[in-house]
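Asker: Okay, here's the structure, questions in a sec.
The values are calculated or read from the model by the stated rules, or taken from the named source; none is laboratory data. Values in this document were obtained by computation on a predicted structure and should not be read as measured data. Here the Cβ positions follow ideal geometry from the backbone for every residue, glycine too, while neighbour counts run over all protein chains shown.
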Amino acid sequence: MAKKNPLHTKLCDMLGIEFPIIAFTHCKDVVGAVVNAGGFAVLGEAMHTPDEIAADIKWIRSRVGDKPFGIDLVLPASVPPADTLEQLLAKIPEGHRKFVQGIKERHKVPEPKNPVALHQWGGLNQEMARAQLDVLLDERVPVFVSGLGSPAFILKAMHERGMKVFGLIGKTRQAKREIEAGVDAIIAQGYDAAGHTGPIGTFSIVPEVVAIAGDTPVMAAGGVTTGRHLAAALCLGAAGVWTGTLWLACRESDSDMIVKEKLLAATSDDTVYSRCISGMPMRILKCAWTEEWGKPDAPAVLPAPYQMLLSAEYIQAANDHRRPDLMTEAAGQGVDFIKAMKPARQIVFDMVDEALAAFDDLTGDE
Amino acid sequence: MNNKRHGSIPARPGFDAAIAGKRAECDGGGLVAGGRAARQEFTGMLTGEYVDHGDPPWRWYLLVDLSRKPEGYPTDAVWCESESVFLLDD
């Protein structure tokens with residue numbers, strides 16, 4: 001009897017892909033490379049205008065033809081009372097301003113060369129989110145991924161256009177709600193992940209969600225960087241993996257070379273789960289800013305959006321002047337396994353080979 | 001960002017008596033600098049007030065008297081997307 005290919009999952013059948021590996025990236029070139037290597041890729045477009053999103057979709061289609069790909073947006077799930085930028089800045093306590101000034105002096109942080117990106121960006125409200133979604137509907141993008149917030153209200157419109165809708169969740173009850181609404185797949189994201197993530201570990205959240213998902217495919221996210229992680233995720237009942245940090249240092253990635261070098265040198269101990277950048281817990285590479293806010297005499301971190309207004313100028317200056325000691329990037333705990341700047345295609349194939357070897361090890365096949 | 005590309009989206013306010021006064025949690029959050037999603041959690045009381053944005057309607061409920069909110073959150077009210085609201089009294 002022919003042996004089943006353990007890497008051929010229901011996610012592969014749903015999307016018509018060869019390998020159950022999803023790359024989440026902000027770089028179009030990575031999307032093209034991963035899709036053409038037999039995986040699936042999702043472009044994060046949350047900070048882009050509708051016109052930019054339309055242009056990116058056209059670019060990707062010119063590179064991948066009819067192969068499917070996805071676009072990730074962030075749907076707001078809660079909205080505080082609105083304030084102008086000036087009103088928000090005026091509410092930052094003087095003690096916090098002085099502490100930040102001290103950081104600038106101790107670390108010789110220069111003035112940014114460019115306008116602070118966060119100050120230029122108007123923020124995401126319901127109106128902007130809907131304008132972004134309208135582009136996806138007009139373009140009939142194969143897959144829409146909601147990186148936060150429930151896509152339930154737009155599901156019917158997307159399904160009528162032949163689109164698939166995935167939801168990324170950090171709690172089982174969110175997954176239950178979205179599965180009941182009819183999403184096509186769930187991404188269960190654990191604490192190991194890069195960026196803003198929930199407090200539940202990948203090894204707990206994935207089987208929890210699988211247990212309630214029925215036929216809905218579940219992808220494992222958080223710390224997934226190797227073929228062994230892929231094999232483990234499938235053993236937990238996942239139908240695939242959602243990977244992010246893995247692609248930041250790949251050859252096609254447009255990340256700054258300094259960030260790539262920091263990622264290649266980093267171990268899992270070089271990431272920190274901290275509120276000091278945005279006011280909400282997020283996992284990032286350690287840097288001067290995280291070190292300062294971790295000191296016992298540091299003031300209490302402010303909530304969003306005030307803390308991110310405090311950190312915005314530092315981040316802009318760090319990136320403008322390309323200072324390795326100041327620069328940071330969201331990175332998951334799996335960063336330890338990223339040791340070479342490989343082409344994205346090679347990363348896909350290495351992950352597949354390693355996963356198959358792991359399964360062979362388990363079953364005793366030579 | 002170009003917020004005007006698709007014009008203003010109509011918002012229709014309403015009141016749902018069935019949920020007014022009920023305690024609820026909101027698995028909230030949104031977008032922060034760098035284009036990343038960030039989660040924020042709230043617990044409070046639903047007033048029953050809601051707003052439906054656009055078509056298909058995207059419903060938002062008003063949660064007040066917040067007994068749990070992110071540290072330093074400056075006000076005692078938050079608008080929560082309906083699918084992110086979990087009633088505590090049911």
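Asker: Test A:A249 against the stated conditions and say whether it is of a type outside the set (V, I, T) and either closer than 17 Å to A:Y191 by Cβ or in the same structural domain as A:A41 (by TED's automatic domain parsing) (or both). It would help to see each step written out before you state the result.
Answerer: On the way: of a type outside the set (V, I, T): yes; either closer than 17 Å to A:Y191 by Cβ or in the same structural domain as A:A41 (by TED's automatic domain parsing) (or both): yes.
Yes.
Asker: While we're on this one: Going through A:G214, A:G223 one at a time, which residue ends up being away from chain B (no Cβ under 14 Å), out of contact with any strand residue (DSSP E or B) (no Cβ under 6 Å at 6 or more places or on another chain) and crowded, with 24+ Cβ neighbours inside 10 Å?
Answerer: On the way: A:G214 fails: crowded, with 24+ Cβ neighbours inside 10 Å.
Exactly one of A:G214, A:G223 is away from chain B (no Cβ under 14 Å), out of contact with any strand residue (DSSP E or B) (no Cβ under 6 Å at 6 or more places or on another chain) and crowded, with 24+ Cβ neighbours inside 10 Å, namely A:G223.
Asker: Looking at B:D27, B:D55 in this structure, which one is more than 7 Å from every other protein chain (Cβ to nearest Cβ) and charged (D, E, K, R)? Give the steps one after another, and end with the answer.
Answerer: Working: B:D27 fails: more than 7 Å from every other protein chain (Cβ to nearest Cβ).
That would be B:D55, the only listed residue that is more than 7 Å from every other protein chain (Cβ to nearest Cβ) and charged (D, E, K, R).
Asker: May I pose another question? Within the stretch A:303-361, which residues are among the acidic types (D, E), surrounded by fewer than 20 Cβ atoms within 10 Å (Cβ to Cβ) and under 22 Å from A:A221 (Cβ atoms)?
Answerer: Taking the stretch A:303-361 as the starting set, the residues that turn out to be among the acidic types (D, E) are A:313, A:320, A:325, A:329, A:336, A:350, A:353-354, A:360-361.
Going one step further and asking which of them are surrounded by fewer than 20 Cβ atoms within 10 Å (Cβ to Cβ), we end up with A:313, A:320, A:325, A:336, A:350, A:353-354, A:360-361.
Answer for the stretch A:303-361, where residues must be among the acidic types (D, E), surrounded by fewer than 20 Cβ atoms within 10 Å (Cβ to Cβ) and under 22 Å from A:A221 (Cβ atoms): A:D336, A:D350, A:D353, A:E354.
Asker: Just one of A:I17, A:I92, A:I57 is among the β-branched types (V, I, T), modelled with pLDDT under 95 and over 17 Å from the mean Cα position of the chain (by Cα); which is it? Steps first, answer last, please.
Answerer: Numbers: A:I17 fails: modelled with pLDDT under 95; A:I57 fails: modelled with pLDDT under 95.
When all the criteria are applied, what remains is A:I92.
Asker: Assuming A:T328 fulfils every condition listed in (1) in a helix (DSSP H, G or I); (2) touching a Leu at 6+ places or on another chain (Cβ under 6 Å) apart from one, which condition is it?
Answerer: Going through (1) in a helix (DSSP H, G or I); (2) touching a Leu at 6+ places or on another chain (Cβ under 6 Å) one by one, A:T328 breaks only (1).
Asker: So which residues in the stretch B:62-90 are assigned to a strand (DSSP E or B) and surrounded by fewer than 23 Cβ atoms within 10 Å (Cβ to Cβ)? First the steps, then the outcome.
Answerer: The first filter runs over the stretch B:62-90 and keeps only residues assigned to a strand (DSSP E or B), leaving B:62-68, B:77-81, B:85-87.
If the condition is that a residue be assigned to a strand (DSSP E or B) and surrounded by fewer than 23 Cβ atoms within 10 Å (Cβ to Cβ), then B:L62, B:V64, B:D65, B:L66, B:S67, B:R68, B:A77, B:W79, B:F86, B:L87 are the ones that fit.
Asker: Of everything in the stretch A:49-77, what is in contact with a helix residue (DSSP H, G or I) (Cβ under 7 Å, 6 or more places away or on another chain) and within 11 Å of another protein chain (Cβ to nearest Cβ)? Give them in sequence order.
Answerer: Matches in the stretch A:49-77: A:P50, A:I53, A:A54, A:L73, A:L75, A:P76, A:A77.
Asker: Another question about this same structure. Taking the stated definitions as given, is A:T216 of a type in the set (S, T, Y), under 17 Å from the mean Cα position of the chain (by Cα) and not assigned by TED's automatic domain parsing to the domain that holds A:D269? Break it down stepwise before answering.
Answerer: On the way: of a type in the set (S, T, Y): yes; under 17 Å from the mean Cα position of the chain (by Cα): no; not assigned by TED's automatic domain parsing to the domain that holds A:D269: yes.
No, not satisfied.
Asker: Still on this structure, please answer the following. Pick from the stretch A:150-184 the residues that are facing chain B (nearest Cβ under 8 Å) and hydrophobic (A, V, I, L, M, F, W, C): which of them is surrounded by the most Cβ atoms within 10 Å (Cβ to Cβ)? Even if it seems obvious, please write down each step before you answer.
Answerer: Our first condition is that a residue be facing chain B (nearest Cβ under 8 Å); within the stretch A:150-184, this holds for A:150, A:152-154, A:156-157, A:168, A:170-171, A:173-174, A:177-178, A:181.
Now drop any that are not hydrophobic (A, V, I, L, M, F, W, C), which leaves A:152-154, A:157, A:168, A:181.
Working: A:A152: 24, A:F153: 23, A:I154: 23, A:A157: 16, A:L168: 28, A:A181: 16.
Of everything passing the filter in the stretch A:150-184, A:L168 is surrounded by the most Cβ atoms within 10 Å (Cβ to Cβ).
Asker: Among the numbered criteria (1) buried (at least 23 other Cβ atoms within 10 Å of the Cβ); (2) more than 7 Å from chain A (Cβ to nearest Cβ); (3) at pLDDT below 80, which one does B:G7 miss?
Answerer: So the condition that B:G7 fails would be (1).
Asker: Further question on the same structure: Among all residue pairs at least 6 apart or on different chains, which show Cβ distances below 6 Å where the first residue, located in the stretch A:75-100, is within 29 Å of A:G149 (Cα to Cα) and the second is polar (S, T, N, Q) and modelled with pLDDT under 85?
Answerer: A:P81/B:T75
Asker: A further question on this structure: If you take the residues of the stretch A:240-296 that are free of Cβ contacts under 8 Å to residues at least 12 places away in the same chain and assigned to a loop (DSSP other than H, G, I, E, B), which of them is surrounded by the most Cβ atoms within 10 Å (Cβ to Cβ)?
Answerer: A:K295
Asker: Right, something else. Give the residue, chosen from A:L362, A:L310, A:L302, A:L285, that is more than 26 Å from B:G30 (Cβ to Cβ) and either among the hydrophobic types (A, V, I, L, M, F, W, C) or more than 14 Å from chain B (Cβ to nearest Cβ) (or both). Explain how you work it out, then say what you get.
Answerer: Working: A:L310 fails: more than 26 Å from B:G30 (Cβ to Cβ); A:L302 fails: more than 26 Å from B:G30 (Cβ to Cβ); A:L285 fails: more than 26 Å from B:G30 (Cβ to Cβ).
Every option except A:L362 fails the conditions.
Asker: Just to be sure, is A:M327 of a type outside the set (D, E), within 14 Å of chain B (Cβ to nearest Cβ) and more than 21 Å from A:E94 (Cα to Cα)? Spell out the reasoning first.
Answerer: Working: of a type outside the set (D, E): yes; within 14 Å of chain B (Cβ to nearest Cβ): yes; more than 21 Å from A:E94 (Cα to Cα): yes.
Yes; evaluated as a whole, the condition is true for this residue.
Asker: Determine which single condition A:A193 fails, assuming it passes every other condition in (1) within 13 Å of the chain's Cα centre (by Cα); (2) facing another protein chain (nearest Cβ under 10 Å).
Answerer: So A:A193 meets the others, but not (2).
Asker: From the set of residues in the stretch A:4-48 that are outside any loop (DSSP other than H, G, I, E, B) and farther than 30 Å from B:G30 by Cβ, which is nearest to the other protein chains (Cβ to nearest Cβ)?
Answerer: At the first step, the residues of the stretch A:4-48 found to be outside any loop (DSSP other than H, G, I, E, B) are A:10-15, A:21-25, A:28-36, A:40-44.
With the extra rule that they be farther than 30 Å from B:G30 by Cβ, the set shrinks to A:10, A:12-13, A:33, A:36.
On the way: A:K10: 25, A:C12: 26, A:D13: 28, A:A33: 21, A:N36: 24 Å.
Per the stated criteria, the residue is A:A33.
Asker: Can you tell me how many residues in the stretch B:61-76 are within 7 Å of chain A (Cβ to nearest Cβ) and under 14 Å from the mean Cα position of the chain (by Cα)?
Answerer: 1
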